[in-house]
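What follows is one structure encoded as C-alpha cells, with my remarks underneath.
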Amino acid sequence: MADWTDAPFVYRGQKKLRRGYTTGTCAAAAAAGAARMLLSGKPVSEVKLRVPEGSTLCLSLVETSLSASSCSCGVVKDSGDDPDITNGSMVCAKVSFAHSPGPVLTGGVGVGRVTKPGLSVPVGEPAINPVPRKMILEGVETVCREYGYTGGLVVEISVPEGEALAARTFNPRLGIVGGISILGTSGIVEPMSEEALVASIGLEIRMAVKNGSGYLLLVPGNYGEDFVKEHHLADHVQPVKCSNYVGESLDMAVREGAKGVLFVAHIGKFVKLAEGMMNTHSAYGDCRMAILCAEAVRAGAPREVLPRILESVTTDEALRILQEAGFLESVMQHLMEHIEGQLTRRAAGKTQVGAIVFSNVYGVLGQTGQAEVLLRHLQENGK
C-alpha cells in the first residue's frame, strides 16, 4: 500500500476514483529500498518516491531480506480503481555489490526479454521501459550518493507471477518472452472507469465549446498533446483528451453544437479508424498491421514487403519498411482518405471534422481535406 502526499483520488464526472501506481513505480521503490538496506545494513520498511507525474508516494516494502552482500524486497502493485492483470502482484528488487562501476540493471524471473526490434528497448534487454529504467537507476544512484558509495551494484528486477501474467497480455505477440514488461510513463495509474471517463470528456467538450470559438482540438492522449505543443499547432488552445473514445467524443461535440473538430493523433491509434474502429482500445482489436498491409497492396507494393509489414511490432517499424520500399506517401494518402470517410460519416454533416496523423519518428504523415481550415480557425480564434 502507499500513502500519498498528493491527491490519491480523481473525479471522473461525479465519481470519486482512487489512483494507483505502475509496475515501474513499484520496481523503482523496491530498488531504492533494497539499495538503502544494503548500504546502511539496516532494515527498511517503506520508501518515499517522487514519480514523473509529480506526486510523492510512500510505499511499503514487503518480504525484505538483508545479508552482507545483497538485499531484496518487494512492492505490491496497486492499480487503484482501474485494476489490470498486474494488480496485487509483487514487483521485487535485489541489489548486490559488484566489481563493475555504477548500478547495472538486469531482469530476473517474471520480467520479459525483448526478442524483436521495433520496441523502445533493444533486442536482448529486459523489458523495462525507458522511464521506469531511468526511475530505478536514478533512485539507486541517489541512495549511493547519500551513503558516499562509489562502487558497483547490480539491480535485478523480478516479478514472481510475471511469466503466468504475461500469457494474458500482448507480450508474446510483441516478441517479449518470459514475463511481463515493467511499464509507466507518469508513474501513476489514472482510473479509467469507462462511464465516468466518457462523462468527463463530455464535460470538457461542453466547456470548450461554451467558452471558446466553437472549434475543438481533440487528442487521444499524451502523444497528441505533446505533438501539438512541440510543433506550436495551436498555442493558445487547450486540447481535450478524448482517450480511445473517438466516435463518442465526436458525437458529444455534435450534440454540444461544435462548429468543427480537429483530431491530432498518433498513427498507432488512428490507423484503426480506416476500418471504422471508433474506439481505438486494444481490447476491441489490433488491426494496425493488417490495415497498413492492405493499403500497401492497394498502393502496389511488392509482395515481399507485405509479410514484413504484418510481422512488424510497432507502426513506426511498418512505416520504415514502407518508406524503404518507396510506398509510404501513397499508403498514407489512401489511409487518410479512409480516415476522412469514417469521420465524415460519423459527423453526418453536422459539424466540420478533420484529422492530422503523425508519428514520433516521421512527424506529420498526413491530414484530411478539412484539417488545414480547421487548424486555421483554431489558431485565429485561440489568440
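Things worth noting here:
- Comparing Cα centroids, segment 199-236 and segment 315-382 end up 17 angstrom apart.
- A Cβ-based charge dipole, computed about the Cα centre of segment 2-189 with Lys and Arg at +1 and Asp and Glu at -1, lands at about 280 debye.
- Global geometry of segment 207-269, whether rounded, prolate or oblate, following the gyration tensor of its Cα atoms and the 1.5 cut on a/c: oblate
- Neighbour counting of Cβ atoms within 10 Å sorts the residues S213, S359, fewest neighbours leading, into S213, S359.
- Antiparallel bridges, percent of DSSP beta bridges restricted to the chain (to nearest 5): 65
- The chain - percent relative contact order, Cα under 8 Å, separation 6 or more: 15
- The trypsin sites (Lys or Arg not before Pro) of segment 284-380 meeting both criteria, a DSSP state outside H, G, I, E and B (loop) and at most 15 other C-beta atoms within 10 angstrom of the site's C-beta, are R303, K350.
- Here the contact order of segment 2-189, divided by its residue count and restricted to Cα pairs under 8 Å and six or more residues apart, works out to 28 percent.
- Convex hull volume of the C-alpha atoms in segment 2-189, normalised per residue: 113 Å³.
- Full extension of the segment from A68 to R206, taken as 0.36 nm per residue of separation minus the current Cα-Cα distance, would add 43.6 nm.
- Reciprocal of mean inverse Cα separation for segment 237-376 (Kirkwood radius, Å): 15.4
- Contact order relative to length of segment 194-381, as percent, for alpha carbon pairs under 8 angstrom and 6 or more apart: 25
- Cβ-based exposure ranking for S70, S158, in which fewest neighbours within 10 Å come first: S70, S158
- Charge dipole of segment 194-381 (Cα centre as origin; +1 on each Lys and Arg Cβ, -1 on each Asp and Glu Cβ, all else neutral): 460 debye, rounded to the nearest 20.
- Positive-end residue of V357, I339, L378, charge dipole of segment 323-383 with Cβ unit charges: L378
- Projecting the Cα atoms of G214, A299, G247 onto the charge dipole of segment 194-381 (Cβ charges, centred on the Cα centre) puts G214 farthest toward the positive pole.
- Exposed GluC sites (Glu not before Pro) absent: longest stretch of the chain, with sites in DSSP loops and at most 15 other Cβ within 10 Å deemed exposed: 1-303
- Calculated FRET efficiency for the pair D226/E380, C-beta based, R₀ 30 Å, to 0.05: 0.80
- Given +1 at the Cβ of Lys and Arg, -1 at the Cβ of Asp and Glu and no other charges, the dipole of the chain around its Cα centre is 320 debye to the nearest 20.
- Sorted by Cβ density within 10 Å, fewest first, the residues S72, S89: S89, S72
- Three-way shape label, segment 40-90, alpha-carbon gyration tensor, a/c 1.5: oblate
- Taken over segment 2-189, lysine pairs spaced eight or more positions apart, or on distinct chains, with alpha carbons under 21 Å apart number 8.
- Dipole of segment 2-189 [Lys/Arg +1, Asp/Glu -1 at C-beta], most positive-end residue of G139, G108, T86: T86
- Measuring between their Cα centroids, segment 278-303 and segment 34-89 lie 41 Å from each other.
- Distance between the pseudo-spin-label points of T115 and R345 (7 Å out from Cα toward the beta carbon): 3.9 nm.
- Fully extending the segment from C58 to H281, taken as 0.36 nm per residue of separation minus the present Cα-Cα distance, adds 77.1 nm.
- Per DSSP, loop chymotrypsin sites (Phe, Trp or Tyr not before Pro) in segment 313-383 with at most 16 further Cβ within 10 Å: Y362
Each reported figure results from applying straightforward, stated rules to the coordinates on display, with no laboratory input. In this text the structure is predicted, and so the values were computed from the model without any measurement. All Cβ positions, glycine included, derive from the backbone under ideal geometry; neighbour counts span all protein chains shown.
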